[in-house]
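Reviewing the structure listed below.
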Amino acid sequence: MSQLIQLLRPTTVFLDLKPESKIDLLTFLSGQLQNQDIVYPSYANAVIAREKIYPTGLQTSVCGVAIPHTDPEHVKMEAVSFASLSKPVTFQMMGMNDQQVEVNLIFMLAMKEPHGQLEMLQELTGLFQNPDRLMELTRASSVEQIFQIIKESRKDEAL
């Protein structure tokens with residue numbers, strides 16, 4: 001079974017957010033994870049600090065995506081938070097701090113094991129290489145649609 005499907009919860013999916021900035025977005029998503037007792041209070045500052053040093057923005061053929069995450073000591077239990085944005089926010093490009101990307105989709109990871117984080121990043125990379133599924137994620141209007149699109153993307157990869 002998909003690790004993403006196992007760790008994504010209906011209560012950690014947010015659609016059509018309108019954050020003013022990357023910091024607002026990361027603070028909101030971190031706060032939601034903390035409110036659900038998934039991460040420690042230190043998670044928000046840690047994810048923001050890590051994003052400054054190791055940016056996670058990626059440009060796909062469809063839209064900008066980001067995979068913010070931080071070290072396991074800030075995580076109580078593993079989870080993934082997903083957000084689609086009604087207006088993009090600017091992230092720095094992964095591996096290229098001097099380049100920016102306008103991000104519409106965010107997968108925030110709360111992982112306890114480095115191996116699990118690597119598997120999750122590989123799964124997300126597969127999803128990001130599927131333009132049809134990414135377009136569907138940008139247009140999804142319900143939590144149920146998000147889960148269905150991700151399940152379908154796993155079937156696509158198996159073909």
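Select from segment 68-77 the residues that are at pLDDT below 95 and under 18 Å from LEU124 (Cα atoms) and list them in ascending order.
HIS69, THR70
Identify, by number, the condition in (1) out of contact with any Gly (no Cβ under 8 Å at 6 or more places or on another chain); (2) farther than 19 Å from LYS112 by Cβ; (3) buried (at least 17 other Cβ atoms within 10 Å of the Cβ) that ILE53 doesn't meet.
(3)
Can you tell me which residue within segment 1-55, out of those that are assigned to a helix (DSSP H, G or I), hydroxyl-bearing (Ser, Thr, Tyr) and in contact (Cβ under 8 Å) with a residue 40 or more places away in the chain, is farthest from GLN148 (Cα to Cα)? Talk me through it step by step, then tell me what you get.
Of segment 1-55, the ones assigned to a helix (DSSP H, G or I) are 3-7, 22-35, 43-53.
Checking the rest, the ones that are also hydroxyl-bearing (Ser, Thr, Tyr) come to 27, 30, 43.
If we keep only those that are in contact (Cβ under 8 Å) with a residue 40 or more places away in the chain too, we end up with 30, 43.
Details: SER30: 24, TYR43: 29 Å.
Filtering first and then ranking leaves TYR43.
State all residues of segment 56-65 that are surrounded by fewer than 19 Cβ atoms within 10 Å (Cβ to Cβ) and of a type in the set (Gly, Ala, Ser); if no residue qualifies, say none. Break it down into steps so the answer makes sense when it comes.
Taking segment 56-65 and keeping what is surrounded by fewer than 19 Cβ atoms within 10 Å (Cβ to Cβ), we get 59-62.
SER61 - this is the single residue of segment 56-65 that is surrounded by fewer than 19 Cβ atoms within 10 Å (Cβ to Cβ) and of a type in the set (Gly, Ala, Ser).
Does ASN104 meet the test of being farther than 17 Å from GLN3 by Cα and touching a Cys at 6+ places or on another chain (Cβ under 7 Å)? Walk me through how you get there before you give the answer.
On the way: farther than 17 Å from GLN3 by Cα: yes; touching a Cys at 6+ places or on another chain (Cβ under 7 Å): yes.
The answer is yes for ASN104.
Hey, could you check segment 131-159 for residues that are modelled with pLDDT of 90 or more and polar (S, T, N, Q) and say which is farthest from LEU105 (Cα to Cα)?
Taking the candidates together, the pick is GLN148.
Identify, by number, the condition in (1) surrounded by fewer than 21 Cβ atoms within 10 Å (Cβ to Cβ); (2) modelled with pLDDT of 95 or more that LEU26 doesn't meet.
Only one criterion is unmet by LEU26, namely (1).
Within the bounds of segment 94-106, is there any residue that is of a type in the set (Asp, Glu) and at pLDDT below 95? Reasoning before the result, please.
Pass one, segment 94-106, residues of a type in the set (Asp, Glu): 98, 102.
Going one step further and asking which of them are at pLDDT below 95, we end up with 98.
Within segment 94-106 (the criterion being of a type in the set (Asp, Glu) and at pLDDT below 95), the answer is yes, since at least one residue qualifies.
Please tell me if LEU58 is in a helix (DSSP H, G or I), in contact with a strand residue (DSSP E or B) (Cβ under 8 Å, 6 or more places away or on another chain) and not basic (Lys, Arg). I'd like the intermediate steps shown before the answer.
Values: in a helix (DSSP H, G or I): no; in contact with a strand residue (DSSP E or B) (Cβ under 8 Å, 6 or more places away or on another chain): yes; not basic (Lys, Arg): yes.
Criteria not met by LEU58.
The values are calculated or read from the model by the stated rules, or taken from the named source; none is laboratory data. Owing to the predicted nature of the structure, the values given are computational and were not obtained by experimental measurement. As a convention, Cβ positions derive from the backbone with ideal geometry for all residues, glycine included, and neighbour counts pool all protein chains shown.
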